[in-house]
1. Answer with yes or no whether residue 34 is on the phi > 0 side of the Ramachandran plot and either within 11 Å of the chain's Cα centre (by Cα) or modelled with pLDDT of 95 or more (or both).
2. If you go through segment 39-65 one residue at a time, how many are out of contact with any Phe, Trp or Tyr (no Cβ under 6 Å at 6 or more places or on another chain) and either crowded, with 16+ Cβ neighbours inside 10 Å or of a type in the set (D, E, K, R) (or both)?
3. If I ask for residues that are of a type in the set (Phe, Trp, Tyr) and in a strand (DSSP E or B), which ones from segment 1-60 would you list?
4. Being hydroxyl-bearing (Ser, Thr, Tyr), exposed (fewer than 12 other Cβ atoms within 10 Å of the Cβ), over 11 Å from the mean Cα position of the chain (by Cα) and at pLDDT below 95 is the requirement here; does residue 74 meet it?
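The values are calculated or read from the model by the stated rules, or taken from the named source; none is laboratory data. Because the structure is a prediction, the values reported are computed rather than measured. FYI the Cβ positions are ideal-geometry reconstructions off the backbone, even for glycines, and counts take in every protein chain you see.
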Amino acid sequence: MKIIIRRSPEAGLSIYVPKKDLEESIVESEHEALWGGWIRIANGWVLDLPRMASDTTLPITINVRRRDGDREET
């Protein structure tokens, strides 16, 4: 699924999912540099992010996989 990751002074890192009109804060991440691991957003979803350079500028639109038990959404 396509998401937009952005940074704001008030909320910190957040994602926006255009197809679901959903905006949520990132509450936990596997790696400090964000890329190449998973993130957890405020609604409980866990998303796998692609590997990218740690200095990648935001905002950015990327494709991610959503973990949901045994079901994954693309």
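1. For residue 34, the condition - on the phi > 0 side of the Ramachandran plot and either within 11 Å of the chain's Cα centre (by Cα) or modelled with pLDDT of 95 or more (or both) - is met.
2. Taking segment 39-65 and keeping what is out of contact with any Phe, Trp or Tyr (no Cβ under 6 Å at 6 or more places or on another chain), we get 39-45, 47, 50, 53-65.
Then drop every residue that is not either crowded, with 16+ Cβ neighbours inside 10 Å or of a type in the set (D, E, K, R) (or both), which leaves 39-41, 45, 47, 55, 62, 64-65.
Residues in segment 39-65 being out of contact with any Phe, Trp or Tyr (no Cβ under 6 Å at 6 or more places or on another chain) and either crowded, with 16+ Cβ neighbours inside 10 Å or of a type in the set (D, E, K, R) (or both): 9 in total.
3. Our first condition is that a residue be of a type in the set (Phe, Trp, Tyr); within segment 1-60, this holds for 16, 35, 38, 45.
Within segment 1-60, 16, 38 meet the criteria.
4. When the stated conditions are applied, residue 74 passes them.
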